[in-house]
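Below is one structure, written out as structure tokens; comments come after it.
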Amino acid sequence: MADHLTAESAITVDRWRAAFESTPRHVFVPRYWELNEYNSPIRLVDSTVPSHRHEWLQAAYTDRVLVTQWRADEDRRIVTSSASLPSLVARMLHLLDVADGQRVLEIGTGTGYNTTLLCHRLGSANVTSIDVDLRLVAEAVGRLDTVGFAPTVIAGDGALGVKDGAPYDRILSTCASPGVPPAWIDQLADGGRIVTPLTIGGALAVLDKTGPGEVSGHLDTDAAWFMAMRSADRSMPVGLLADQPRPVPDDVAHLGVSTLDPKALTDPDFRLWLLLHQPRLHFVEHVDDQLTPTGLTVHNDVDIATAQRHADGRLHVRQSPPRRLWDTVESAWMSWTNHDKPRRDRLGITATADGLQYAWLDHPTRTQDKGGRGGVFHWPLPTPRQLPQTTKHPQP
Ligand SMILES: C[S@@+](CC[C@H](N)C(=O)[O-])C[C@H]1O[C@@H](n2cnc3c(N)ncnc32)[C@H](O)[C@@H]1O
């Protein structure tokens, strides 16, 4: 696997290669769940079952996510822990840009695999890790001990950081949050860096401390889809699932025709741009019997718009008033196009310890485009307080 990750340029330095070579992933994933085509866990592969052993060992050293835990929520199975994709683990460790002697806080211990890589590189004394799930923490501590490491591992809500060990030179999150929790900014040392996935469009933010109580930085070129941070008392990941509002009656709905092809929304970087403006937006694709796309519904908690291709070849749009969501999608498309269809690494995030955050294009304070025209190129994101929050509870 280390050879593969090196060939793929996910591992670029010898020190990390040595960490991957020495860390037995199979120890951290004694069993995992196979997923069906809807990403729902369906079959347990268990190292204690003799007929599973070959398959299990193969999977442990393949560049794939291994789901280790899920919980039932009505008719859904919601994944609550996994061993992340090794190439993404390597990419995030690369972005973390650690140096000898630096202290790291990891959010989302999970299996303990990534924690072990950090311990290998920096030493157990410099590594603190936290997971919301007490059982996972207990198992991870046992496995870390087996391979000779004893970092500080805490059960609790990672959104609060781990105050006792602060300040940290680096904070690495392996679960996605809607924004940057203020506690992380408070607990970050001067010159520190946070690498965290966001629940918005697979964004992976690389944020440096830019002043007292402020972090800022670009998004990575690669998308990183991580499970959302959750609280101990709620099975549902925060901010991810929203009930679809009921369509409004014809006499109230705003009816029209659009020239925007719903295919535009299949570009992940446009989706990200749109979601950074409308973080609560959800998409439901429509298909016909042959699975050919015929339209799209976009909705948030209160508004809904449906765009459907009719026999006349035109895209008919039906929007609930007063905030017409399809109009919002169209104007986001126009602004994305007017800014030369920026890829995700032209975008960035600035966040402050008092909970403010905004997104920007190219530079946090850029106010003109390259043609010299004036324009606003940064815009506020909902603060963590405005989005559904993980419930705060004391750390044991
Ligand atoms: C993708 S897994 C972590 C993978 C892990 N780093 C590894 O190498 O196995 C995400 C983890 O985040 C944890 N998590 C979710 N919400 C959390 C929270 N509020 N605080 C701390 N951990 C959380 C989950 O329990 C899960 O184990």
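Structure data summary
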{"quantity": "Candidate set from segment 241-283 (those that are loosely packed, with under 15 Cβ neighbours inside 10 Å and hydrophobic (A, V, I, L, M, F, W, C)); member that is modelled with the lowest pLDDT", "calculated": "L241"}
{"quantity": "Inter-residue pairs, beta-carbon under 7 Å, first in the same structural domain as L188 (by TED's automatic domain parsing) and in segment 124-138, second assigned to a helix (DSSP H, G or I), 6+ apart", "calculated": "V127/T115; V127/L118; V127/C119; T128/G165; S129/T115; I130/G158; D131/V137; V132/G158"}
{"quantity": "Test: residue in segment 175-190 that is more than 16 Å from the ligand (Cβ to nearest atom), buried (at least 22 other Cβ atoms within 10 Å of the Cβ) and more than 16 Å from the chain's Cα centre (by Cα)", "calculated": "yes"}
{"quantity": "Residues within segment 288-306 that are under 30 Å from A176 (Cα atoms) and assigned to a strand (DSSP E or B), tallied", "calculated": "9"}
{"quantity": "Any hit, segment 30-48, residues being part of a helix (DSSP H, G or I) and on the phi < 0 side of the Ramachandran plot", "calculated": "no"}
{"quantity": "Flag for H52 being closer than 27 Å to D220 by Cα, away from the ligand (no atom under 13 Å from the Cβ), assigned by TED's automatic domain parsing to the domain that holds K209 and not hydroxyl-bearing (S, T, Y)", "calculated": "no"}
{"quantity": "The listed residue being without any contact (Cβ under 8 Å) to a residue 12 or more places away in the chain and under 22 Å from the mean Cα position of the chain (by Cα), out of E55, E37", "calculated": "E37"}
{"quantity": "Segment 298-308, residues that are modelled with pLDDT of 90 or more and not polar (S, T, N, Q)", "calculated": "V298, H299, D303, I304, A305, A307"}
{"quantity": "Any hit, segment 351-362, residues being crowded, with 17+ Cβ neighbours inside 10 Å, without any contact (Cβ under 8 Å) to a residue 60 or more places away in the chain and of a type in the set (F, W, Y)", "calculated": "yes"}
{"quantity": "Counted residues, segment 165-174 - those being away from the ligand (no atom under 13 Å from the Cβ) and surrounded by 19 or more Cβ atoms within 10 Å (Cβ to Cβ)", "calculated": "3"}
{"quantity": "Conditions (1) more than 23 Å from R346 (Cα to Cα); (2) more than 11 Å from the ligand (Cβ to nearest atom); number of the one not met by A228", "calculated": "(2)"}
{"quantity": "Identity of the residue in segment 79-128, of a type in the set (V, I, T) and closer than 16 Å to W225 by Cβ, that ends up surrounded by the most Cβ atoms within 10 Å (Cβ to Cβ)", "calculated": "V89"}
{"quantity": "Condition broken by D169, with the remaining ones in (1) assigned to a loop (DSSP other than H, G, I, E, B); (2) modelled with pLDDT of 95 or more satisfied", "calculated": "(1)"}
{"quantity": "The lone exception for L160 - which of (1) surrounded by fewer than 24 Cβ atoms within 10 Å (Cβ to Cβ); (2) more than 25 Å from P382 (Cβ to Cβ) it fails", "calculated": "(2)"}
{"quantity": "Residue match in segment 319-339 (condition: under 30 Å from T210 (Cβ atoms) and of a type in the set (A, V, I, L, M))", "calculated": "yes"}
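The values are calculated or read from the model by the stated rules, or taken from the named source; none is laboratory data. These numbers were taken from a predicted model, which means no experiment stands behind them. Methodologically, a virtual Cβ is constructed for each residue, glycine included, from the backbone with ideal geometry; neighbour enumeration extends over all protein chains shown.
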